[in-house]
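Asker: To start, I am sharing the structure in question, which I have written as structure tokens.
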Amino acid sequence: MTQIHSDQTASDAERRALVVAMARDYFAAREPAPFIPGETYIPPSGKVVDAEDCATLVDASLDMWLTAGRYADRFESELAGRFGRKHAKLTVSGSAANLLAFATFTSWKRGAKALKPGDEVITVAAGFPTTVAPIVQYGCIPVFVDIDLATHNVNVDLLEAAITERTRAVMIAHSLGNPFDVVRVAEICRRRGLILIEDCCDAFGATADGRNVGTFGDVATLSFYPAHHITMGEGGAVLMDASGLAKVCESFRDWGRDCYCAPGKDNTCNNRFGWRLGELPEGYDHKYTYSHIGYNMKVSDMQAALGCSQLGKLDHFIARRRENFAGLERRLRERGLDRWFHLPEPTPGTDPSWFGYLMTVRDDKGIDRNTLVKQLEARKVGTRLLFAGNLTRQPAFRDVNYRVHGELTQTDKVMRDAFWLGVWPGIDDPRMDYMVATLEAVTREIRVGA
């Protein structure tokens, strides 16, 4: 344990180092609670944080620079580098990242290429609502197509068939860390002149055809909520290559301003009082000139500091998720549970970065999904559904103007019969043993009582 002595001659740097070291020691001394089968709840998702995360967070707090600063700059740079993209813009959540990504393409600065109310955007209904919400919020029309049951991702044949003269974009998430066939979708978008927005919030580190997901679309989004691959508490990011897109995205994030000075900086453009924009008088302060109807979706430097620390552990976290997925797969097949459930399959040509292990009850097996998950939860095995199930059946979409191409048969099947178990790095072999044994016991009980 590091000791702090009363030393009036210690420099600020020395005192800072002592405080940070004490924070590191404090966290490292914490004892994890033991796992007791049947008593310890096994959450389907969660964060893994360590002493270095705590130390980095405290280091940032000592600056008392409460908006984006040195750590935010570093995290944006490292994120972009991780993906091989030129720009990353941090924001307050993955949902905010989706909103900013979509808003960027509505900018008047894009001229005739700007997305406008009434334009159609192809997506899926089997997923999280904030992948689709920006389409609605900007007056565009979501066009829903069905999914594939094995990969729980978009059926690309249906996607291509859904394109009309009104189609302007595709905005889809990689489901539970399993990439959709983004190689083919990107080629369709390129050939048909469509914008592609990749929601990678559940799939950080997944690859398709040897490339990172998040590098195929015009823009891509990430989430750093505690359930995700790395965390900064609340947070997200938008990734892109085009500098023009990056500036517009930043404008929407930062109140809609035209100015692009960093917090605490002035006159980056060397023309602060020389602009004439809109109908403002010439020389109106550029710091208070607004080119978009924007938001305030900036992060604090303390959030970014945690992100920097977590990013260094990403490869380990991804490996653990893949190991846990394989561990569940092996246990489930050894016990013959695949005769009762459809088990998830990676999209061909991809290497998923799994977020969860989705299982779908096979038809005519006498298993009620709702009864099953209630019993699992009662026995301390955490479960989740595939988020909204079928968005078109959600009360929020009651008055939304949308179009469905074909039928959402598999989407409805997942809504009724699917659930997922956790594969996050906090799950170990004893927990997986208990999860699968409990699932088998509960399933047999339900089948006997059916």
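Asker: If one computes the Cα centroid of the stretch 424-450 and of the stretch 144-161, what distance in Å separates the two points?
Answerer: Between the Cα centres of the stretch 424-450 and the stretch 144-161 lies a distance of 30 Å.
Asker: Find out how many positive minus negative residues lie around M359, taking Lys and Arg as positive, Asp and Glu as negative, among other residues whose Cβ is under 11 Å from that of M359.
Answerer: -1
Asker: Only Lys, Arg, Asp and Glu count, each charged at its Cβ (+1, +1, -1, -1), so figure out the dipole size of the chain about its Cα centre, rounded to 20 debye.
Answerer: Taking the Cα centre of the chain as origin, the dipole is about 640 debye.
Asker: Another question, if that's okay. Let me make sure I get this right: for the stretch 1-160, a, b and c are the square roots of the gyration tensor eigenvalues over alpha carbons, sorted descending. Under 1.5 in a/c it's rounded, otherwise prolate if a/b > b/c, else oblate. Which is it? List each step's numbers first, then the result.
Answerer: Values: a/c = 3.72, a/b = 1.72, b/c = 2.16.
Verdict is oblate for the stretch 1-160.
Asker: Using a 10 Å cut-off around each Cβ, can you sort F355, F224, F341 from fewest to most neighbouring Cβ atoms?
Answerer: Ordered by Cβ neighbours within 10 Å, fewest first: F341, F355, F224.
Asker: Taking 0.36 nm per residue of sequence separation and subtracting the Cα-Cα distance, how much length would be gained by fully extending the chain between D315 and V448, in nm to one decimal?
Answerer: Full extension from D315 to V448 adds 43.5 nm.
Asker: Which residue fluctuates most in the GNM of the chain (Cα springs below 10 Å): V136, V213, V238?
Answerer: The residue that fluctuates most here is V136.
Asker: Provide the three semi-axes, in whole Å and in decreasing order, of the ellipsoid equivalent to the stretch 65-298 as defined by the square roots of 5 times the Cα gyration tensor eigenvalues.
Answerer: 31, 21, 14
Asker: Between P179, P226, P430, which gets the highest mean-square fluctuation from a Gaussian network model of the chain, Cα cutoff 10 Å?
Answerer: P430
Asker: How much of the DSSP beta bridge set in the chain is antiparallel, as a percent to the nearest 5?
Answerer: 60
Asker: Leaving out same-chain residues fewer than 8 places away, which lysines sit with a Cα under 20 Å from that of K374?
Answerer: K365, K413
Asker: Ok, one more. Can you sort K287, K47 from fewest to most other Cβ atoms within 10 Å of each residue's own Cβ?
Answerer: K287, K47
Asker: Under 14 Å from the Cβ of V58, count the other residues' Cβ atoms, weight Lys and Arg +1, Asp and Glu -1, and hand me the total.
Answerer: Taking every other residue near V58 into account, the sum is -4.
Asker: Oh, and also: Given the options D12, D63, D209, which has the most mean-square fluctuation in a GNM of the chain, springs set between C-alpha atoms less than 10 angstrom apart?
Answerer: Highest fluctuation of the listed residues: D12.
Asker: First check a/c for the stretch 74-168, with a ≥ b ≥ c the square roots of the eigenvalues of its C-alpha gyration tensor; if it is under 1.5, answer rounded, and if not, answer prolate when a/b is larger than b/c or oblate otherwise. Walk me through the numbers before you get to the answer.
Answerer: Values: a/c = 1.93, a/b = 1.27, b/c = 1.52.
Because a/c hits 1.5 or more and a/b fails to exceed b/c, the stretch 74-168 counts as oblate.
Asker: Taking just the C-alpha trace of the chain, give me its Rg and Dmax in Å.
Answerer: Radius of gyration, then largest Cα-Cα span, for the chain: 24.0, 80 Å.
Asker: Compute the length gained on full extension between D433 and D12: take 0.36 nm times their separation in residues and subtract their Cα-Cα distance, giving the result in nm to one decimal.
Answerer: The D433-D12 span can extend by a further 146.5 nm.
Asker: Another question about this same structure. If one computes the Cα centroid of the stretch 221-295 and of the stretch 321-394, what distance in Å separates the two points?
Answerer: 41
Asker: Mind ranking 277-285, 412-420 by how tightly packed they are, going by the mean number of other C-beta atoms within 10 angstrom, highest first?
Answerer: Packing proxy ranking, top to bottom: 412-420, 277-285.
Asker: Ok, one more. Setting aside same-chain residues fewer than 8 positions from K265, which lysines have a Cα under 23 Å from its Cα?
Answerer: Answer for K265, where 23 Å is the Cα cut-off: K86, K89, K247, K287, K298, listed by chain and number.
Asker: I want the local charge near E445. Using Cβ-Cβ distances under 14 Å, sum +1 for each Lys or Arg and -1 for each Asp or Glu among the other residues.
Answerer: Values: positive: K365, K374, R379, R444, R447; negative: D368, E440.
Here the count lands on +3.
Asker: Further, regarding this structure: What 222 nm value per residue comes from the helices of the chain, counting each DSSP H run with n ≥ 4 as -39,500 (n - 2.57) and dividing by all residues, nearest 500 deg cm²/dmol?
Answerer: Result for the chain, helices only: -11500 deg cm²/dmol.
Asker: Looking at the stretch 314-449, what % of the alpha carbon pairs are farther apart than 21 Å?
Answerer: Roughly 47 percent, once rounded to a whole number.
Asker: Could you work out how much longer the chain between V404 and R70 gets when fully extended? Use 0.36 nm per residue separation minus the Cα distance between them, nm to one decimal. Numbers along the way, then the final one.
Answerer: Values: separation 334, 0.36 × 334 = 120.24 nm, distance 4.60 nm.
Length gained, V404 through R70: 115.6 nm.
All of the numbers you see were taken from the coordinates with simple rules; none came from a lab. Keep in mind it's a predicted model, so treat the numbers as computed, not measured. Quick reminder, even Gly has a Cβ in these numbers, built from the backbone with ideal geometry, and neighbours come from all protein chains shown.
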